[in-house]
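Here the structure comes first, spelled out in structure tokens, and everything after it is commentary.
Taken together, the values in this text are just the output of simple stated rules run on the coordinates, not laboratory data. Since the structure is predicted, the reported quantities are computational estimates derived from the model, not experimental observations. Virtual Cβ from ideal backbone geometry, glycine too; neighbours counted across all protein chains shown.
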Amino acid sequence: MKRLTLLLVTLSAAPAFAQAPAMNASNPSTSAANTGVSAAKGVWNTMTGYFTAAAEQMPEADYSFRPVATVRTFGELVGHVAGAQNMFCAAALGEKQPGEDEIEKSVKTKAGLVAALKASTAYCARAYALTDAASAAPIKLFGQDNTKMGVLTLNAAHNGEHYGNVVTYMRIKGMVPPSSQPRPGQ
């Protein structure tokens, strides 16, 4: 799992760096002292932005859509990502970890799920503000030794994994996913 996470972050880092602001002394959020957290945050911002845009674009009637009976509905995916973000970021912040699938099981409307996703993203912004030094602190997650940085990286990879699911759902519904839509000015 650690190798997969490292591979995903490594492969995803180049596009994130291309979109990230230049690192310099006038931009403390991306100072040279915090390049690790800044890189993880760039990947997380990209994946979470695409995922959130997809959640907003999918019509409410299609929140119950699932390609086959053995996978989550679109709405359940949104709830799962919101809940998982809360769990991962609470671990990184050293706060009480909520149940990973609480939102998925309790929130059923598009409005409620999008609001929960946005709230979990705002909560995670605090975790992605950690310094590299603070992110090196050891923690346990899923009963295994990790670091806060490892958990932040895992969260970004997890969001990317489920954005891939959402892309498939959207394509089946004849929709263009956010990452394939033209950028402003193109």
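Brief remarks follow.
- Using the Cβ of GLU95 as centre and a radius below 12 Å, the other residues enclosed give a net charge of +3, where K and R count +1 and D and E count -1.
- Summing charges over all other residues whose Cβ lies under 14 Å from the Cβ of PRO177, with Lys and Arg as +1 and Asp and Glu as -1, gives +1.
- Placing one equal scatterer on every Cα of region 59-177 and applying the Debye formula, the log10 ratio I(q)/I(0) at q = 0.21, 0.23 Å⁻¹ is -1.12, -1.26.
- In range of the label at VAL68: residues from region 155-186 whose backbone nitrogen is under 14 Å from the point 7 Å along Cα→Cβ: 169
- Shown is the FRET efficiency for THR109 and THR131, computed with R0 = 41 Å from the Cβ-Cβ distance and rounded to the nearest 0.05: 0.60.
- Lysine pairs within region 59-177, Cα separation less than 30 Å, 8 or more sequence positions apart or different chains: 18
- The H on the amide N of ILE139, modeled in the peptide plane, is under 5 Å from the matching H of ASN146, THR147, LYS148, each at least 5 residues off or on a different chain.
- At R0 = 35 Å, FRET efficiency that the Cβ-Cβ distance of THR35 and GLN57 yields, to 0.05: 0.60
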